[in-house]
Amino acid sequence: MPRDLSHTSTNESGEEETSSISKDISEGFETASEGDDDKETENDGKEQHEKQQKEEGSEEQNLSPREDNYGDALNDEELKQRALAQANDAKLLGNMLFKDEHYEDALSKYEIALQVSSETPLFTELRSICHSNRAICYLKLGNYEETIKECTKALEPNPAYIKALVRRAEAYEKLERFEEAITDMKKILELDPSNDQARRAIVRLEPLAREKMEKMKEEMIGKLKDMGNSLLGRFGMSIDNFKAVKDPNTGSYSISFQR
């Protein structure tokens, strides 16, 4: 039971005066309503704190994917650099094998370098070199069609690759595709006007190209003549019954029939 702290005092008139000390003391403590307000304030503080923690957690979650993406990007770059190193090692082994005239084995090493490397700008130069090196291996092996294919692949990213042009021209010449060989040699002269090898090759190849063209014309005329004779033979005639006469004034031809 609480003690009653009230006491009586006598004022100047002698009358007893009740002084409520309990009231004075009670004013120094919280009332029921004040306690509720403080509890609400405390609850509001907790809710605000929990909300802040959730927001911070959300921010951390939002940051995590970016950090993961950055890590993935680093890993991708590391993988590319590792692949580039492996491709270079394979290419160097291929070069050593080529010098020892092990052309088939060299082809395999260059192929490994191409498989390891991807078709991205980082590997463009390496891939072009490997295709050109495969071309010279095929050229040594006498496989001229594959030489042309590999040179063409080497030239796709780098049309000014002179070594690839030279090797393809050599393969064209071996296959008696002289006009195409001349085209590649002329391209070399455009890129390097001081290239005497290309100039000499053009001088040598042009007569061969003309000779082949004349031969092709004769073969075509022969085939057409045979075809005409087979048709005209049904009517007792042949191509020999027809003669082309050139008009010296106009340069045109007229066909005359002779029995």
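The values are calculated or read from the model by the stated rules, or taken from the named source; none is laboratory data. Every value quoted in this text rests on a predicted model; they were computed, and no experiment measured them. Counting neighbours? That spans all protein chains shown, and the Cβs are built from the backbone with ideal geometry, glycine included.
Filter the helices (runs of 4 or more DSSP H) completely within region 143-259 down to those with at least 2 residues that are loosely packed, with under 13 Cβ neighbours inside 10 Å, modelled with pLDDT of 95 or more and not acidic (Asp, Glu).
Correct list: 196-232.
List the pairs whose first member sits in region 67-89 and is at pLDDT 80 or above, whose second member is part of a helix (DSSP H, G or I) and surrounded by 11 or more Cβ atoms within 10 Å (Cβ to Cβ), and whose Cβ atoms are under 6 Å apart, counting only residues at least 6 apart or on separate chains?
Here the result reads LYS80/LEU122; ALA83/VAL116; GLN86/VAL116; ALA87/ALA113; ALA87/VAL116; ALA87/LEU126, each pair linking region 67-89 to a residue that is part of a helix (DSSP H, G or I) and surrounded by 11 or more Cβ atoms within 10 Å (Cβ to Cβ).
Determine which single condition ASN133 fails, assuming it passes every other condition in (1) without any contact (Cβ under 8 Å) to a residue 40 or more places away in the chain; (2) part of a helix (DSSP H, G or I).
For ASN133, the exception is condition (1).
Among the residues in region 140-155, are any over 30 Å from MET216 (Cα atoms) and among the hydroxyl-bearing types (Ser, Thr, Tyr)?
The answer is no; no qualifying residue exists.
Of the residues in region 92-130, how many are within 20 Å of the chain's Cα centre (by Cα) and among the basic types (Lys, Arg)?
1
Identify all residues within region 88-142 that are surrounded by 20 or more Cβ atoms within 10 Å (Cβ to Cβ), among the hydroxyl-bearing types (Ser, Thr, Tyr) and out of contact with any Phe, Trp or Tyr (no Cβ under 6 Å at 6 or more places or on another chain); write none if there are none.
TYR110, SER132, TYR138
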